[in-house]
Amino acid sequence: MVGLRSRIYGFESNFSYKMTKLIYFHGSISVSKGDNLSENQPLSYMPPDKVLLSTEMNLKPVSAELKLKKVLLQSRLGEFETKTDGFLLVDLHASYTNHSSKITHKIILSIDNIFNQVYYNHLSKTKLIMPEMGRSISIQYRIVL
């Protein structure tokens, strides 16, 4: 059995910027491409390009973070793949932290996919059957001893 000749290339980059003592801005980009050189076509199972942006505000003991995740259309398809549309997700996380004696209490409220966007993960084996999870709301209580 002989393997395929292939080429994979791309880049990732991220940054953080402290706008003020209380506000931070973060971002990242990820681009991956792959070519099946043996058959002169795109390589299968390559992730679509992705951009993440977030703003974090820390007003101790309360903090909040707004995240935007943009995934672009994946139309460079390998054998047996289908096109996957791009999507934009918006998440919001907030927390309250209380330091008392030797114990830290933290309450976290998370709302992921705020706008209940219907989207499909290009690398998911079940994307032809069902979309990814819609809006989710969670509350966590953490104790650190």
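The values are calculated or read from the model by the stated rules, or taken from the named source; none is laboratory data. What you see is a predicted model; the values in this text were computed from it and never measured. We place every Cβ from the backbone using ideal geometry, glycine too, and count neighbours over all the protein chains shown.
For the subset of region 101-120 comprising residues that are out of contact with any Phe, Trp or Tyr (no Cβ under 9 Å at 6 or more places or on another chain) and either loosely packed, with under 11 Cβ neighbours inside 10 Å or assigned to a loop (DSSP other than H, G, I, E, B) (or both), which member is modelled with the lowest pLDDT? The qualifying residue modelled with the lowest pLDDT is Ser101. Of all residues in region 1-37, which are surrounded by 10 or more Cβ atoms within 10 Å (Cβ to Cβ), of a type in the set (Gly, Ala, Ser) and either part of a loop (DSSP other than H, G, I, E, B) or touching a residue at least 24 places away in the same chain (Cβ under 8 Å) (or both)? Answer for region 1-37, where residues must be surrounded by 10 or more Cβ atoms within 10 Å (Cβ to Cβ), of a type in the set (Gly, Ala, Ser) and either part of a loop (DSSP other than H, G, I, E, B) or touching a residue at least 24 places away in the same chain (Cβ under 8 Å) (or both): Ser6, Gly27, Ser28, Ser32, Gly34.
Yes/no per residue for (1) under 28 Å from Ser138 (Cβ atoms); (2) within 23 Å of the chain's Cα centre (by Cα); (3) not charged (D, E, K, R):
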residue: Val31; (1), (2), (3): no, yes, yes
residue: Ser44; (1), (2), (3): no, yes, yes
residue: Lys60; (1), (2), (3): yes, no, no
residue: Glu81; (1), (2), (3): no, yes, no
residue: Leu88; (1), (2), (3): yes, yes, yes
residue: Asp112; (1), (2), (3): yes, yes, no
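Selection of first residues in region 121-145 that are assigned to a strand (DSSP E or B) and of second residues that are hydroxyl-bearing (Ser, Thr, Tyr), restricted to Cβ pairs under 6 Å at least 6 apart or on distinct chains, gives the following pairs, ordered by first then second residue: Ser138/Ser110; Val144/Thr104. Out of Lys83, Lys70, Lys18, one residue alone is among the basic types (Lys, Arg), closer than 30 Å to Ile129 by Cα, modelled with pLDDT of 95 or more and touching a strand residue (DSSP E or B) at 6+ places or on another chain (Cβ under 8 Å). It is Lys70.
When region 56-84 is filtered for residues that are aliphatic (A, V, I, L, M) and either within 30 Å of His105 (Cβ to Cβ) or surrounded by fewer than 12 Cβ atoms within 10 Å (Cβ to Cβ) (or both), the ones remaining, listed by number, are Met57, Leu59, Val62, Ala64, Leu66, Leu68.
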